Amino acid sequence: MVSQATLSQTLSLKQKLRDPHTRALFVVAHPDDEVIGAGGSLLSHFECCKIVHLTDGAPADIFDARRAGFSGRHDYAHARREEAAEALSLAGITKGQVIELGLTDQRASYELVGLARLLSSLFDEVKPEIVVTHPYEGGHPDHDSSAFAVHAARQLLINESATAPQIVEMTSYHQRDDKTIYSDFLSSEGCVPVTFELSLAQRTMKRKMFECFLTQREVLKWFPIDVERFREAPEYNFTQPPHSGKLHYEYFDWGMTGDKWRRLAREAQTVLATKGVE
Ligand SMILES: [Zn+2]
């Protein structure tokens, strides 16, 4: 049973997302995640919108780069940046609205403290009303790191009694038993998503945006384009697994496990909670 309070929170989030004057900042792990999560509905909708890409989308292991026809990591990263710029231009978003932090793909988990501090300063400067990011769901370690850094950045502002944004989640992907779930959330107590059924025009635009990502065709083909979902982020305990069983990224040989990620998160929380210690 969904409580009245939850329903009224969902309604107020829906109004905020429908208001083009809402100041929005997207914080995503890779240059395409914002299009996957919000390309049909929100990206072209807000008058004041900025996007942060934590990584350049190119892993240190150049397997992905080679498979996409590039000889090295930097060429691949450049191609991914240009693809994202082209896709975002279809939503009216210019390169000037995109902040590239340039971390290596799959490495954000090792930079949690720095990311939290940097995002905290950015939130303080830009003063977004909402920050849209990934849920904590074990899909990709960079996605979970993005969620961690946004929540920790918000907490740093709250600790200093500064204005802190509301955290909104868009969907990405995660594992449920032996299946990968795309474009839906792991259920969370008291969280009711706002669902936007995309119109024909919105679906057409999202398809065109997807087509800009030539290097990501094999990945993007799995994401449906008829619906986008958002919700207010739940309070997470990042030292606990997001769900039982094997996490999605544990199926890949990326040198990261759920245990290791949670240890890095625990260490980062300790550093961030210790004022003045670098
Ligand atoms: Zn991603």
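The values are calculated or read from the model by the stated rules, or taken from the named source; none is laboratory data. The structure presented is a predicted model; accordingly, all values stated were derived computationally and were not measured. Cβ atoms come from the backbone with ideal geometry, glycine included; neighbour counts cover every protein chain shown.
Listed values, structure above:
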{"item": "Exclusive hit being buried (at least 20 other Cβ atoms within 10 Å of the Cβ), among the acidic types (Asp, Glu) and at pLDDT 95 or above, set Glu169, Glu197", "result": "Glu169"}
{"item": "Subset of segment 7-42 that is surrounded by 24 or more Cβ atoms within 10 Å (Cβ to Cβ) and closer than 12 Å to Ile130 by Cβ - its residue that is farthest from the ligand (Cβ to nearest atom)", "result": "Ala24"}
{"item": "Restricting segment 138-186 to residues that are of a type in the set (Asp, Glu) and within 21 Å of Thr104 (Cα to Cα), the residue that is nearest to the ligand (Cβ to nearest atom)", "result": "Asp142"}
{"item": "Output for segment 201-234, where each listed residue is acidic (Asp, Glu) and at pLDDT below 95", "result": "Glu218"}
{"item": "Qualifying residue in segment 192-200 (condition: under 18 Å from the mean Cα position of the chain (by Cα), in a strand (DSSP E or B) and of a type outside the set (Phe, Trp, Tyr))", "result": "yes"}
{"item": "Some residue of segment 79-93 being of a type in the set (Val, Ile, Thr) and either over 20 Å from Gly37 (Cα atoms) or without any contact (Cβ under 8 Å) to a residue 12 or more places away in the chain (or both)", "result": "no"}
{"item": "Residue check for Gly92: within 16 Å of the ligand (Cβ to nearest atom) and either among the aromatic types (Phe, Trp, Tyr) or over 23 Å from Leu272 (Cα atoms) (or both)", "result": "no"}
{"item": "Residue satisfying all of: in segment 43-76; under 22 Å from Ala153 (Cβ atoms) and free of Cβ contacts under 8 Å to residues at least 40 places away in the same chain; farthest from the ligand (Cβ to nearest atom) among these", "result": "Cys48"}
{"item": "Considering residues of segment 45-68 that are assigned to a loop (DSSP other than H, G, I, E, B) and of a type in the set (D, E, K, R) only, the residue nearest to Glu125 (Cα to Cα)", "result": "Glu47"}
{"item": "Residues of segment 112-137 that turn out to be acidic (Asp, Glu) and within 16 Å of the ligand (Cβ to nearest atom), as a count", "result": "1"}
